[in-house]
Amino acid sequence: MAALLAPVATTKPISLPCALVPSTGLHGNLGSPRRLQWTKKMQRLCVRKAGPGKVTAKFELKPPPYPLNALEPHMSKDTFEYHWGKHHRTYVENLNKQIAGTELEGMSLEDIVVMTYNKGDFLPPFNNAAQVWNHDFFWESMKPGGGGKPSGELLQVIKRDFGSFEKFVGDFKTAAATQFGSGWAWLAYKANRLGVGNAVNPNPSEEDKKLVIVKSPNAVNPLVWDYYPLLTIDVWEHAYYLDFQVSSVIIKGIVPAFPYSHLCRVSRLRGRCTRAAFARISLYARNFIVYCECFSAD
Amino acid sequence: MALGRLSRKALLGLGGNGGRLGIGLGLVRGFETVTLPDLPYDYGALEPAISAEIMLLHHQKHHQAYVSNYNKALEQLQDAISKGDVSSVVKLQSAIKFNGGGHINHSVFWKNLAPVQEGGGEPPKRSLGWAIDTQFGSLESIVVKMNTEGAALQGSGWVWLALDKEGTKLSIETTANQDPLVTKGATLVPLLGIDVWEHAYYLQYKNVKPDYLKNIWKVVNWKYASEVFEKESP
């Protein structure tokens, strides 16, 4: 389970305790200046927790959790070979080169993403780090034979926050299809529905938390806003161009499905919503989405 | 003012049926729509630097989509303005910028390219050649700089050789997504734009963007860039 909760971390020993250190978790405090401050103390904390000799210095290109032809016809093997075998690999290799010998070496990928985001003033490794994270997450967001519809409490949360499952799917597709340029569409969990930067709710409650659909440009992902990503769709052209080409591509069949929703104990989030708890929900969610039927308007 | 004049024309029945008028312009409900310009060469004419398949999709699908969506946004804008719906007017700005920018950029891009037998790849002469040599040292220096900027550009966008028409100064600029060069400065004029969206090269070059950037210079139409330079230089 630990490995699954930290899908990108080759630095497994430190990824769980440290992955989200710069954040104060999902109890609000979105956009707080405190959130992104990366102190030497935090750094030392991570390194110490990892213990000597346990840190893998380099990130590895992890294979998708299914064969490269497993998502056909929605995503061809050819696309996958380039997308994973070339694009994803290049991000990993370039990231490793960029962090070698720097203070970033040995940190978890999530930490590097949040730290190098640097309040929107990206440090050089940001694009590669975030793209490694995004692609690892994207492969997990799809599954052969996925699709369908969630049930249980997760469906209730979707209904609560989007009106209906169908509305959610429609909104998700619209978000994906209307990204102006390269980027990503996300289903994410947001701790504070007010969306007020720097606001801290002294009495956080379930009502503060909300599922949201967000778009992000280029390499940016919701971790940098302190949202918890659940599902994603890559809308860079390289994700679909070999298969579908046309710019007016309609992301039709992004059908997030949660057939094991009885496992998704959303209720466990009600009292104390921790990132680890939400990661469990995320795991289930991610395993039951399928990225299908991108097709051209023509 | 222009709108008023066009509206009167529309009332006279010149464009009230939504038909096209003039080159690249149409009159619909009192505002000018844009149309997809023809390519000044065949789709296959830039091979092997850029494949016919890419050119066809790029022109007929991508550029056409920018044209259609820009016109659609204009129509929605017109409606919003007539209803005094300020919120919608503001909301439409992003679609107008993106699709209008896409139309502007691609219209320049097609003219920036030419088949080899029609002078594609021939270095600039006359005043632009001189300006490049004095300001950058050599043409090669511009090629290297633009290729470096293009390869480093994260996501979708454009790399430009720009002329600041107030001072005849040349510069290399990048813009994100479909932002036109004018968003980088009101007096900047595009002499040469290189599309580094993945759709510009992916079917042929896949993930190897540097090869696309290397080969496109074989079909760059410096003659067009020179003409713009001479026209826009004070």
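The values are calculated or read from the model by the stated rules, or taken from the named source; none is laboratory data. This one's a predicted model, so the numbers in the text were calculated from it and none came from an experiment. Neighbour counts run over all protein chains shown; Cβ positions are idealised from the backbone, glycine included. With ligands, DNA and RNA removed, areas are computed over all heavy atoms of the protein, side chains included. Shrake-Rupley method; radii C 1.70, N 1.55, O 1.52, S 1.80 Å.
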| message | Please list, in order, the residues from the stretch B:154-192 whose amide nitrogen is less than 12 Å from a point placed 7 Å along the Cα→Cβ vector of residue B:231. | response | B:190-191
| How many nm is it between the label spots at residue B:148 and residue B:118, if each spot is 7 Å from the Cα in line with the beta carbon? | 3.3
| field | Qualifying aspartates and glutamates (Cα of each under 18 Å from Cα of residue B:231; at least 8 residues distant if same chain) | value | B:164, B:166
| field | 10 Å Cβ neighbours from other chains, averaged over peptide A:235-243 | value | 4
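Over chain B, calculate the relative contact order: mean separation of alpha carbon pairs under 8 Å at least 6 apart, over the residue count, as a percent.
Values: 358 pairs, mean separation 46.3, N = 234.
The value is 20 percent.
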| query | Mind checking the mean number of beta-carbon atoms from other chains within 10 Å of the Cβ atoms in B:153-160? | reply | 4
| Which pairs break 26 Å Cα to Cα here: A:58/A:210; A:97/A:119; B:91/B:184; A:143/A:173; A:97/A:190? | A:58/A:210; A:97/A:190
| message | Testing the spin-label approximation: label points 7 Å from Cα along Cα→Cβ at residue B:85 and residue A:58. State their distance in nm. | response | 5.6
| request: Take peptides A:112-118, B:215-221 and line them up by average Cβ neighbours within 10 Å, highest first, as a rough protection proxy. | output: A:112-118, B:215-221
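Find how much the distance from residue A:102 to residue A:77 grows on full extension, using 0.36 nm per residue of separation minus their present alpha carbon separation; answer in nm with one decimal. Spell out each step's value before the answer.
Working: separation 25, 0.36 × 25 = 9.00 nm, distance 3.64 nm.
Residue separation times 0.36 nm, minus the Cα-Cα distance, leaves 5.4 nm.
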| request: Could you run the Karplus curve 6.51 cos²θ - 1.76 cosθ + 1.60 with θ = phi - 60° over the stretch B:102-119 and give me ³J(HN,Hα) per residue in whole Hz, x for Gly and Pro? | output: x, 5, 4, 4, 5, 4, 6, 4, 4, 6, 6, 10, 7, x, 4, 5, 10, x
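Report the accessible surface area buried between chains A and B, summing both sides, using a 1.4 Å probe on protein heavy atoms only, in Å² rounded to the nearest 100. Intermediate results must be reported in sequence, preceding the final value.
Numbers: alone 12900 and 12060 Å², together 23010 Å².
About 1900 Å² of accessible surface is lost on pairing.
Report the net charge of residues surrounding residue B:234, where surrounding means a beta-carbon distance below 13 angstrom and charges are Lys +1, Arg +1, Asp -1, Glu -1.
Working: positive: B:165, B:169, B:231; negative: B:164, B:166, B:230, B:232.
Once positives and negatives cancel, what remains is -1.
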| Of A:149/B:61; B:125/B:145; A:62/A:209; B:72/B:169, which ones are farther than 30 Å apart at the Cα? | A:149/B:61; A:62/A:209; B:72/B:169
| request: At 0.36 nm per residue, minus the direct Cα-Cα distance, what do residue B:42 and residue B:140 gain on full extension? Give it in nm, one decimal, please. | output: 32.5 nm
| note | Phi angles of the stretch B:152-165, converted by Karplus (6.51 cos²θ - 1.76 cosθ + 1.60, θ = phi - 60°) into ³J(HN,Hα) in whole Hz with x for Gly and Pro, give 7, 5, 7, x, 9, x, 9, 10, 10, 9, 10, 10, 8, 6
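With a Förster radius of 51 Å, plug the Cβ-Cβ distance of residue B:164 and residue A:89 into 1/(1 + (r/R0)^6) and report the FRET value to the nearest 0.05. Present the calculation step by step, with values, prior to reporting the outcome.
Details: r = 41 Å, r/R0 = 0.80.
Rounded to the nearest 0.05, the efficiency is 0.80.
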| task | Extending each Cα 7 Å along its Cβ direction at residue B:208 and residue B:94, get the distance between those two points in nm, one decimal. | result | 3.7
| message | I want to make sure I understand the PRE zone here: with the label point 7 angstrom from the Cα of residue B:130 toward its beta carbon, which residues in the stretch B:191-234 have backbone N atoms less than 16 Å away? | response | B:226-234
| Shielding by other protein chains, B:201-209, mean Cβ within 10 Å | 3
| field | Phi to ³J(HN,Hα) by Karplus 6.51 cos²θ - 1.76 cosθ + 1.60 over the stretch B:196-202, Hz, x for Gly, Pro | value | 10, 5, 4, 5, 6, 8, 5
